[in-house]
1. When the range A:248-296 is examined, which residues are found to be of a type in the set (S, T, N, Q) and out of contact with any Leu (no Cβ under 9 Å at 6 or more places or on another chain)?
2. Going by what's in this entry, would residue A:325 be described as of a type in the set (Val, Ile, Thr), more than 30 Å from residue B:53 (Cβ to Cβ), crowded, with 18+ Cβ neighbours inside 10 Å and out of contact with any Lys or Arg (no Cβ under 6 Å at 6 or more places or on another chain)?
3. Out of all the residues in the range A:361-383, is one or more of a type outside the set (Val, Ile, Thr), without any contact (Cβ under 8 Å) to a residue 12 or more places away in the chain and under 30 Å from residue A:312 (Cβ atoms)?
4. Is it true that residue A:283 is in contact with a strand residue (DSSP E or B) (Cβ under 9 Å, 6 or more places away or on another chain), surrounded by fewer than 18 Cβ atoms within 10 Å (Cβ to Cβ) and not in a loop (DSSP other than H, G, I, E, B)?
5. Sort through A:393, A:384, A:388 and tell me the only one that's at the interface with another protein chain (Cβ under 9 Å from one of its Cβ atoms) and part of a strand (DSSP E or B).
6. So which residues in the range B:72-88 are more than 9 Å from every other protein chain (Cβ to nearest Cβ) and modelled with pLDDT under 85, if there are any at all?
7. Test residue A:351 against the criterion of being within 14 Å of chain B (Cβ to nearest Cβ), among the β-branched types (Val, Ile, Thr) and either in a strand (DSSP E or B) or touching a Leu at 6+ places or on another chain (Cβ under 9 Å) (or both), and give yes or no.
8. Can you find a residue in the range A:319-342 that is more than 20 Å from residue A:391 (Cα to Cα) and at pLDDT 90 or above?
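The values are calculated or read from the model by the stated rules, or taken from the named source; none is laboratory data. These numbers were taken from a predicted model, which means no experiment stands behind them. With ideal geometry, Cβ positions are generated from the backbone for all residues, glycine too; neighbour counts draw on all protein chains shown.
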Amino acid sequence: MPNIPKKTFLPALFASAVLACAFSIPAGAAGLIPIFNAEILGGSSFVNGAPGSFSGNLSIDMVPVFELTDDFSFIPRYCGAYTGVKTAADLQGAGALYQQAQDHTISFKFMHLLADELTIKYDFTYLTELTLESASADWAAGLYNNNRSGLNFEAEKGFAFADLPCNLCAGYSFYSSVFPNYASLAGTEYGRQLMGGNAGPGTKVFDYNANEISASFDMLAWSGGIYKFSYVLTHSSYPDQNIVTPTGGFTQDKRADLAHDASLFADYLLPDLSFGGDVVMAPSQRIIYEYGYAGSNQNYFDVPNLKYTPSFYNFSHQKLSFPFILRLTKPFKLTVSATYEYFFREYESRTAQDALGNYTDQKLSTGISSWLIDLRCPLAFNLSVAASAGFSSARSNMKYEKFYRYSYDALDLLAGIRYEY
Amino acid sequence: MKRTAVLGILGIAWTAALLAPGPAQGGNTRIVIDKPVAEIVTGESISVEGAVFNPTDNYIRLRIEPFIGKKDFKAMDLTVPIIGRKFKKAVTLPSGISIITASTLDNRWSVSKPILLFSAKKGLVDQEWGRSSPIKFTEPAEMRSRRSPCAVRGRVTDRSLKTIESVLINLTDFQRLYSDRQEMPALGFSKTEVKGSEFALDAPLSDGINLLIARPEGKDAPELTQTKVIVYESSSPKISVSGSFLKNNIFAAEGTAGDAGAGRVTVKIEALVREAEGSIPFLKVVVEKDAQVGQKGNYRLALDLNEVKGLFENSYFLITVSAGKEKTSRLIVFEGF
């Protein structure tokens, strides 16, 4: 069992106690619909053929839905997860290869149904993530531990009775992320002395605040297929990260990023597959395309090579996913999800380096192919068997991997039990 | 040694119970099917309605799957928008028993409900079910039977079929079974030999609606299963009974008893009712008392339907009139107020 620090454990325990009390109320009383999921999986991951130690993933999700009136719902939620096995899906988008991680989320959501199919939703969320980069480290001292709190407002208008039923949704979010244990060396007293009193990079360089607006549209086609388009614009500001100058110094200007993310989603039901009537499968196929562009005013100065790169964090990325869901109804119930994903990221200004660290004239790019399989077989007593396997293959033109791995092959295998109420 | 054996048996039993098939589950969304309320419907077009709690999508899937039905009516899959947190969709049912399943788009949560389309018309009308099944029932030709055990005859169209399996259950038992989400094959099937493409078995009927479900031995595909609905009504030559719905919500059971009993008959009226909306219906005795037989041999008992709690459309009344060893019963479908 991981050693969870008190600062994180106590709030999570309190929230769990509150929600557990809610679950003790008989279902049906005062419009309470208790939802509870718990999953425990054991397995291992392999990176470039090297096996990791056998470990496990554990997750708990409690969502008691309070139907206060026919039009008003209150939905508190506690979600906690421990990740001992990093999956191939977690590694996409240059996810860090932490040894272990745990996160705890508490949220309070309100849904208000107004007339004419208009729904207003607003919620407050608090998330804390703890990471361990080595087995001997302490959870509370994780360098990349972070806490995130946010407010979210959303308005959704439905047109269910139109010839083509559709929904319009618009939202605004504000969230703030703090890394309590991370401080740049240059931002310390010692660092500032070294720099001769010049403005340093800042101390809490990872902390940021974000404002986000979103819009989405989905519709149900005559064929029964569902199509959805969404767009998210995010502005992030780093109050303690100073801008790098072409000479390697820092200004008092702060880093600010602007990200655009758009996605297209299509979901189709396919005809049943039947084999002599003894085996019947109901398949469905999804296609998801995502495009994103992130722009930042932050630059980078490579001191050993004396190379300055403006707009260092500007990049575009694309992702194409093909989730295929197969539901076996005979001779027994089984749900299989098989997904192929391709993710590609290319930096606008940042160039690739060779194995010795010399810069090339190629823009840094990375492509990741992933194959993910998930199986679930329901048993009795609200239990189901869960198993998953994932394989990710990342290839990049960045050959300088002294501090960060850009090209790798990763495999993960997990199996366990899931309980749902 | 004994303790080890007991623990071993318990372990095996626990494993077997765990491996019993259950409903699909998953995700943080929950779906409830509120309508149709009754498991027995008589109209082909029904409205499926329900609620979705904590939805992550704006749509759900509805699947109408014949449990025992026509081969050319394949499972029907529909995508239904969620309005507020409710969904509603008019669907057309095939004759026979259908399973309605509502699920999230990613199929992480689903809930099922069995529906029996008893007749496309009002009242009790025999249906041609199991068209693709190799098993065909030939007797009794009628839907109603006055004999128990009932002699059931049939033939098979597949000459290689040597043995059939069958199970006989009362309709209320079927509803109770499905409410526990137990699969039909979990019932105990009895075997009948097929000789020269024909078979015969004796079905011990109980008063009310009986379902005789037969399938080729070892095959549980819905398309291969054949169903025979037999309404059994006990019949004594000395007692007659009929039921009718009168004005002011009165249900009258009346008939003649002749010289059966000492001028009195016991009239018992059972009704298929629900304790609460959405709960499992059960046959409840709403009245059981003696009725005087008049000089002409007739008797009559009136029941105020307003006093019967839990009645629903397409429910039914089972009237049983007995006097000594003589007993006659009659089933009357309730078509609503």
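1. Once the filter is applied, which keeps residues that are of a type in the set (S, T, N, Q) and out of contact with any Leu (no Cβ under 9 Å at 6 or more places or on another chain), the range A:248-296 yields A:251, A:252, A:263, A:274.
2. Values: of a type in the set (Val, Ile, Thr): yes; more than 30 Å from residue B:53 (Cβ to Cβ): no; crowded, with 18+ Cβ neighbours inside 10 Å: yes; out of contact with any Lys or Arg (no Cβ under 6 Å at 6 or more places or on another chain): yes.
No.
3. So in the range A:361-383, the residues of a type outside the set (Val, Ile, Thr) come out as A:361-365, A:367, A:369-372, A:374-383.
Checking the rest, the ones that are also without any contact (Cβ under 8 Å) to a residue 12 or more places away in the chain come to A:361, A:379-381.
This time we only want the ones that are under 30 Å from residue A:312 (Cβ atoms), so: A:361.
Yes, the range A:361-383 has at least one match.
4. Working: in contact with a strand residue (DSSP E or B) (Cβ under 9 Å, 6 or more places away or on another chain): yes; surrounded by fewer than 18 Cβ atoms within 10 Å (Cβ to Cβ): yes; not in a loop (DSSP other than H, G, I, E, B): yes.
Taking the combined requirement at face value, the residue satisfies it.
5. Working: A:393 fails: at the interface with another protein chain (Cβ under 9 Å from one of its Cβ atoms); A:388 fails: at the interface with another protein chain (Cβ under 9 Å from one of its Cβ atoms).
None of the other options fit; the residue is A:384.
6. B:72, B:73, B:76, listed by residue number.
7. Details: within 14 Å of chain B (Cβ to nearest Cβ): no; among the β-branched types (Val, Ile, Thr): yes; either in a strand (DSSP E or B) or touching a Leu at 6+ places or on another chain (Cβ under 9 Å) (or both): yes.
No, not satisfied.
8. Going residue by residue through the range A:319-342, those that are more than 20 Å from residue A:391 (Cα to Cα) are A:327-334.
Filter again for at pLDDT 90 or above, leaving none.
The answer is no, given that none of the residues of the range A:319-342 is more than 20 Å from residue A:391 (Cα to Cα) and at pLDDT 90 or above.
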